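Shown next, in structure tokens, is the structure this report addresses.
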Amino acid sequence: MREASQGHRATGPQGHKVIGKRVKRLPRLKFNEKGLIPAVVQDYKNGEVLMVAYMNRESLKITIKEKRTCFYSRSRKTLWRKGETSGHIQKVKSIWYDCDSDTLLIKVYQRGAACHTGNRSCFYRRFQ
């Protein structure tokens, strides 16, 4: 972690923090050619990876404003708020971006299941 005494804002080991209490403007993020950026969603207490989805600029701004996750559906080509039909919402605690500025890490309080299958995490199947 960088020391505040060096004139830098403390950020933490995962990358650079996008939101905490207040956001004045978005950092320079690298969205792909379709205007999307992957977002890894993680339980803020235990670090469990819950899901991966995509965001565009609009869904990221909505997420920051509402402090609830909002994503972009690549198949339906529309915005969707996590839990809008199931009630399994994700309350955003913080948003981080990686060293290349091309991936987000969203730390959330997860109410209910994160996966559409009803599992807490989308990563419930082990490959080996």
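Each reported figure results from applying straightforward, stated rules to the coordinates on display, with no laboratory input. Being a predicted model, the structure only gives us computed values, none of them experimental. A quick note on method: Cβ atoms are made from the backbone with ideal geometry, for glycine too, and the neighbour counts reach across all protein chains shown.
The Cα atoms of the stretch 44-128 give a gyration tensor whose axes a ≥ b ≥ c have a/c under 1.5, which makes the shape rounded.
Partner aspartates and glutamates whose Cα lies under 14 Å from the Cα of Lys34, excluding those fewer than 8 positions away in the same chain, are identified as Glu58, Asp102.
Output the antiparallel fraction of DSSP beta bridges having both residues in the stretch 54-125, as a percent to the nearest 5. DSSP beta bridges in the stretch 54-125 are roughly 100 percent antiparallel.
Computed from the Cβ-Cβ distance with R0 of 25 Å, the FRET efficiency linking Val52 to Thr78 stands at 0.85.
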